[in-house]
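Structure, as structure tokens:
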């Protein structure tokens, strides 16, 4: 039950992060040497699928450890720039 109750804060952060990112892109606060494709990739990664979080909340009711691992997986996929390193190497 604590897994479900503790998820309200990350869900709020997950909803506000894309808003802040889009503001930064529109206000040209992103590095000037950033490639458009790189910005689009980051925008897609930072836009969360709230469905993922909802599924994990339900899973957390029955299998809390699995839900915690799922939250960790979502965080890692969003934070670690898997595809961006290849693109930067190709641009140079």
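Go through region 61-75 and give me each residue that's touching a residue at least 24 places away in the same chain (Cβ under 8 Å), more than 19 Å from the chain's Cα centre (by Cα) and either closer than 26 Å to residue 44 by Cβ or exposed (fewer than 13 other Cβ atoms within 10 Å of the Cβ) (or both). It would help to see each step written out before you state the result.
The initial filter retains those residues of region 61-75 that are touching a residue at least 24 places away in the same chain (Cβ under 8 Å), namely 61, 64, 67-68, 71, 74.
This time we only want the ones that are more than 19 Å from the chain's Cα centre (by Cα), so: 61, 64.
Hit for region 61-75 is 61, nothing else.
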Top-ranked residue in region 1-30 [being at pLDDT below 85 and not in a helix (DSSP H, G or I); ranked as surrounded by the fewest Cβ atoms within 10 Å (Cβ to Cβ)]: 1
Scanning for something surrounded by 15 or more Cβ atoms within 10 Å (Cβ to Cβ), within 21 Å of residue 24 (Cβ to Cβ), out of contact with any strand residue (DSSP E or B) (no Cβ under 8 Å at 6 or more places or on another chain) and modelled with pLDDT under 90, does region 49-56 turn up at least one residue? no
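The values are calculated or read from the model by the stated rules, or taken from the named source; none is laboratory data. What you see is a predicted model, and the numbers here were worked out from it, not measured in a lab. Counting neighbours? That spans all protein chains shown, and the Cβs are built from the backbone with ideal geometry, glycine included.
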